[in-house]
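Novice: First, the structure itself, so that you have it in front of you.
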Amino acid sequence: MTQPVLKLAKVIVDFSGFKAINQLDFSVQPNRVHFVIGPNGAGKTTLLDVICGKTRATQGNIQLHGKRELSKMSENQIVHQGIARKFQAPSIFPQLKVIENLEIAMKQKKGLFSILRAKWTKQEKDKIEEMLNLIGLEKVRNELAGSLAHGQKQWLEIAMVLIQEPDIILLDEPIAGMSKKERDKTGELITQIAKERAVLIVEHDMDFVKEYADVVTVMHEGQLLFEGSMEQVQNNSKVREVYLGRKVESDVVNTGS
Ligand SMILES: Nc1ncnc2c1ncn2[C@@H]1O[C@H](COP(=O)(O)OP(=O)(O)OP(=O)(O)O)[C@@H](O)[C@H]1O
């Protein structure tokens, strides 16, 4: 079996006696679009927070490639290990051009010393070009980022995260507020990204999960309730029970079936 990119073992996140994550064992394989779903309060956001270091694990281990232990590292150190997160709200620079946003992301990757060497190498230029093509914004490269449509802003930020060349990218409800067309394009983009790295996504939209998931983890009360394909998730009795009586029940239990 392939070595997981990321592996959490017996992780606990305790908020003053309340365990938002409770003895969680969880791993992410390379080249997979991996979704995390679960009812409100299940611990999904806390899972992303603890992986990227925004929240500290009270207990347990978080390992990257089976060796680098992340649970004691700062957020900044974790980014440099190869874990990048894109939050729901875009954090682009609206007053700068699309291409300038990508250049800033590239500068962050280069670090201070290389910034002093002001010119871009051919490799860096090619990378920026590759990102523009990947997100389909090559024709609007000189537009101000603030003038882009909602979906385009989200893709730009995904590209800014990808420029860091992370091993794993964490996305928090990436299609929130998007039109059908934008959602489809985001799904294609995510599929494309997963060819080179692992993608872990917290998502509430079950149609989207069904369409693009390779693996779905269902969380409940800070623990892993079930993991498998979306079809297996939909047919699992424990999952049905947890969602029973909740608003999302019909989505999880009936989507596309
Ligand atoms: N900083 C905190 N202090 C105390 N409790 C917290 C904190 N952050 C989260 N929690 C609690 O931990 C539980 C899990 O929260 P989390 O946001 O991870 O759930 P979620 O699955 O992402 O939910 P949603 O789908 O509603 O976003 C919730 O009961 C929440 O109130």
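The values are calculated or read from the model by the stated rules, or taken from the named source; none is laboratory data. This structure is a prediction, so every number in the text was calculated from the model and none was measured. Using ideal geometry, Cβ is built from the backbone for each residue, glycine included, and neighbour counts are taken over all protein chains shown.
Novice: Out of 204, 150, which single residue is at negative phi and within 16 Å of the ligand (Cβ to nearest atom)?
Specialist: Within the list 204, 150, the selection yields 204.
Novice: Let me ask something else. Hey, any hits in the stretch 46-61 for a residue that's of a type in the set (Val, Ile, Thr), within 16 Å of the ligand (Cβ to nearest atom), out of contact with any Cys (no Cβ under 6 Å at 6 or more places or on another chain) and closer than 16 Å to residue 166 by Cα?
Specialist: Within the stretch 46-61, one or more residues are of a type in the set (Val, Ile, Thr), within 16 Å of the ligand (Cβ to nearest atom), out of contact with any Cys (no Cβ under 6 Å at 6 or more places or on another chain) and closer than 16 Å to residue 166 by Cα.
Novice: While we're looking at this one, here's another question. Taking the conditions exactly as written (at pLDDT below 95 and in contact with a Phe, Trp or Tyr (Cβ under 6 Å, 6 or more places away or on another chain)), does residue 241 satisfy them or not?
Specialist: Taking the combined requirement at face value, the residue does not satisfy it.
Novice: What number of residues within the stretch 121-156 are closer than 12 Å to residue 99 by Cα, in contact with a helix residue (DSSP H, G or I) (Cβ under 8 Å, 6 or more places away or on another chain), of a type outside the set (Lys, Arg) and part of a helix (DSSP H, G or I)?
Specialist: Residues flagged as closer than 12 Å to residue 99 by Cα, in contact with a helix residue (DSSP H, G or I) (Cβ under 8 Å, 6 or more places away or on another chain), of a type outside the set (Lys, Arg) and part of a helix (DSSP H, G or I) within the stretch 121-156 amount to 8.
Novice: With the checklist (1) closer than 10 Å to residue 35 by Cβ; (2) in contact with a Leu (Cβ under 9 Å, 6 or more places away or on another chain); (3) within 16 Å of the ligand (Cβ to nearest atom) in hand, flag the one item residue 199 doesn't pass.
Specialist: Among (1) closer than 10 Å to residue 35 by Cβ; (2) in contact with a Leu (Cβ under 9 Å, 6 or more places away or on another chain); (3) within 16 Å of the ligand (Cβ to nearest atom), the lone unmet condition for residue 199 is (3).
Novice: Restricted to the stretch 21-43, and to residues that are within 11 Å of the ligand (Cβ to nearest atom) and closer than 26 Å to residue 186 by Cα, which residue is nearest to the chain's Cα centre (by Cα)?
Specialist: If we take residues in the stretch 21-43 being within 11 Å of the ligand (Cβ to nearest atom) and closer than 26 Å to residue 186 by Cα, then 36 is nearest to the chain's Cα centre (by Cα).
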